[in-house]
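Undergrad: Can you read through this structure? Questions will come right after.
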Amino acid sequence: MCRVCGGPVRQFFDFGRQPLSDAFVDPDRVDEEYFYRLAVGTCESCGMAQLLDEVDRDRMFHDAYPYHSSGSVHMRRHFEQTAGRLSGEHLRGPDPFVVEIGCNDGVMLRALAKEGLRHLGVEPSGGVAELARLQGVRVRTEFFEEATAARIVAADGPADLVYSANTICHIPYLDSVFRGLDTLLAPDGAFVFEDPYLGDILERTAFDQIYDEHFYFFTVRSVQAAAARFGFEVVDVERLPVHGGELRYTLKRVGRQTPSRAVAELAAEEERRGLDTPEVLDRFAAGVERVRTELTELLRKLRADGKRIVGYGATAKSATVTNFCGIGPDSIDWVCDVTPAKHGKLMPGSHIPVRPTEALTEPYPDYALLFAWNHAEEITAKERLFRESGGRWIVYVPEVRVI
Ligand SMILES: [Zn+2]
């Protein structure tokens, strides 16, 4: 049943039993892992793509949540530019107030905090919330829902802007979020959020965007349908070239602003592409099976030839790839990552050891499987010596290739 409208949901892919994507494992606690069924479908009434099973939020977002938004130079720049844009477009009135849902380590809000703007981050993961505080950001360590919004209004008054990046798609209970927005936003206030775009996921067969934390896979049309249920409408959309393709949506209460042409144009394009039709979703499913076959065959062949292979980026996305394709320490020696909290641990489910990125050095491995393909440009530039020493990158989005 659809988590937004209660309509029937048609499954289009089942990845089987999966671990939590950000639950890195202590080598001496491998038998304590939690698994769930990862399957994805689309609502036949409102078109919202969503997971069929919901993982309890406290299992995913807690004090030890290891993802840091400011881990990539490229993403830091993206959020600094975003802060400037938001401030210029939505925070021009007297004493404006901005709230960010899921502020992580404060990478966006710290820029606004520096300007002295009234702000508040809402972040349930205590570890990253503390990092935000160290950057001078005001944070409430809790989940955002209707009751949270009421407490914020009581303490700080209404918000001119509520912003969120890579978080709204994490929240199954959208009804409570929208009621919270209705409570929190000033009459003309805007809700701006950005998340991975289903249109890009389908086009690139980027099936690794599907994991426990990504509950929804939005389109303009599915967001329009959801917003309309709570008195909001999409007034602008913008494509973003981050995290493998995202959309930024701007929502206001119905009738407050004439929707831009971009909204109608992208909605029409989605209709033309049939993003919620069984034909298109089944074609995606066939593409996923093809990538699995080609990737496992390539790794098997390279290992048979005695090649040394490592992984690059112990991303949440990589959990779906390794566990769905059955890739383990027998084909990949280790995976390197910039996040200190992951070092010395094992990848969820696959139990491939995680090392610092400094591990990628002489003697270089023959191949590196690029799990963090969304940061390909930044990483291949940084690891230029690996390539110059004869090392090759393996990518699997949009297709399996050696570069
Ligand atoms: Zn629905």
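The values are calculated or read from the model by the stated rules, or taken from the named source; none is laboratory data. Bear in mind the structure is a predicted one, so any value in this text is a computation, not a measurement. Because the Cβ atoms are built from the backbone with ideal geometry, glycine has one as well, and the counts that use them run over all protein chains shown.
Undergrad: Just to be sure I understand, how many residues within region 1-36 are within 21 Å of LEU202 (Cα to Cα), away from the ligand (no atom under 16 Å from the Cβ), out of contact with any Pro (no Cβ under 9 Å at 6 or more places or on another chain) and of a type outside the set (Asp, Glu)?
TA: Selection size over region 1-36: 3.
Undergrad: I need every pair where a residue in region 143-162 that is at pLDDT 95 or above and of a type outside the set (Val, Ile, Thr) has its Cβ under 6 Å from the Cβ of a residue that is part of a strand (DSSP E or B) and surrounded by fewer than 21 Cβ atoms within 10 Å (Cβ to Cβ), sequence separation at least 6 or different chains.
TA: PRO158/ALA186; ASP160/ALA186
Undergrad: Scanning region 245-278 for residues that are part of a loop (DSSP other than H, G, I, E, B) and in contact with a Phe, Trp or Tyr (Cβ under 7 Å, 6 or more places away or on another chain), which turns out nearest to ASP200 (Cα to Cα)?
TA: Going through region 245-278, the residues part of a loop (DSSP other than H, G, I, E, B) turn out to be 245, 254-260, 274-277.
Next cut, in contact with a Phe, Trp or Tyr (Cβ under 7 Å, 6 or more places away or on another chain) only: 245, 254.
Values: GLY245: 6, VAL254: 28 Å.
By that ranking, first place goes to GLY245.
Results for (1) of a type outside the set (Lys, Arg); (2) buried (at least 18 other Cβ atoms within 10 Å of the Cβ); (3) not assigned by TED's automatic domain parsing to the domain that holds GLY47, shown as yes or no for each residue.
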| residue | (1), (2), (3) |
| --- | --- |
| GLY244 | yes, yes, yes |
| THR250 | yes, yes, yes |
| ARG253 | no, yes, yes |
| GLN257 | yes, no, yes |
| LYS301 | no, no, yes |
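Undergrad: Follow-up. Look through GLN18, GLN50, GLN81 and report the one residue that is assigned to a helix (DSSP H, G or I) and of a type outside the set (D, E, K, R).
TA: Details: GLN18 fails: assigned to a helix (DSSP H, G or I); GLN50 fails: assigned to a helix (DSSP H, G or I).
That would be GLN81, the only listed residue that is assigned to a helix (DSSP H, G or I) and of a type outside the set (D, E, K, R).
Undergrad: In this structure, does ASP63 turn out to be modelled with pLDDT under 95 and in contact with a Gly (Cβ under 8 Å, 6 or more places away or on another chain)? Walk me through it before giving the result.
TA: On the way: modelled with pLDDT under 95: yes; in contact with a Gly (Cβ under 8 Å, 6 or more places away or on another chain): yes.
Yes: the conditions hold for ASP63.
Undergrad: Report, by residue number, each residue of region 40-59 that is away from the ligand (no atom under 16 Å from the Cβ), in contact (Cβ under 8 Å) with a residue 12 or more places away in the chain and surrounded by fewer than 19 Cβ atoms within 10 Å (Cβ to Cβ).
TA: Restricting attention to region 40-59, the residues satisfying the condition of being away from the ligand (no atom under 16 Å from the Cβ) are 53, 55-59.
Restricting the remaining residues to those that are in contact (Cβ under 8 Å) with a residue 12 or more places away in the chain gives 53, 55, 57, 59.
Correct list: ASP53, ARG57, ARG59.
Undergrad: Take ASP188 and decide whether it is touching a Lys or Arg at 6+ places or on another chain (Cβ under 7 Å) and more than 16 Å from the ligand (Cβ to nearest atom). Don't jump to the end; show me each part of the working.
TA: Values: touching a Lys or Arg at 6+ places or on another chain (Cβ under 7 Å): yes; more than 16 Å from the ligand (Cβ to nearest atom): yes.
Yes, satisfied.
Rundown of residues vs (1) touching a residue at least 24 places away in the same chain (Cβ under 8 Å); (2) of a type in the set (Val, Ile, Thr), yes/no style:
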{"residue": "VAL338", "(1), (2)": "yes, yes"}
{"residue": "HIS343", "(1), (2)": "no, no"}
{"residue": "MET347", "(1), (2)": "yes, no"}
{"residue": "TYR364", "(1), (2)": "yes, no"}
{"residue": "ARG387", "(1), (2)": "no, no"}
{"residue": "GLY391", "(1), (2)": "yes, no"}
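Undergrad: Could you tell me whether region 70-92 includes any residue that is within 16 Å of the ligand (Cβ to nearest atom) and modelled with pLDDT of 95 or more? Outline the logic, then answer.
TA: Start the filter on region 70-92 by keeping residues that are within 16 Å of the ligand (Cβ to nearest atom), which leaves none.
Checked region 70-92: no residue is within 16 Å of the ligand (Cβ to nearest atom) and modelled with pLDDT of 95 or more.
Undergrad: Continuing with the same structure: Of all the strands (runs of 3 or more DSSP E) wholly in region 338-403, which have at least 2 residues that are surrounded by 21 or more Cβ atoms within 10 Å (Cβ to Cβ) and outside the structural domain of GLU203 (by TED's automatic domain parsing)?
TA: In region 338-403, the matching strands (runs of 3 or more DSSP E) lie at 367-370.
Undergrad: Being among the charged types (D, E, K, R) and farther than 14 Å from HIS68 by Cβ is the filter here, so list the residues in region 84-132 that pass it. First the steps, then the outcome.
TA: Keep residues of region 84-132 that are among the charged types (D, E, K, R), which gives 85, 89, 92, 95, 100, 105, 110, 114-115, 118, 123, 130.
If the condition is that a residue be among the charged types (D, E, K, R) and farther than 14 Å from HIS68 by Cβ, then ARG85, GLU89, ARG92, ASP95, GLU100, LYS114, GLU115, ARG118 are the ones that fit.
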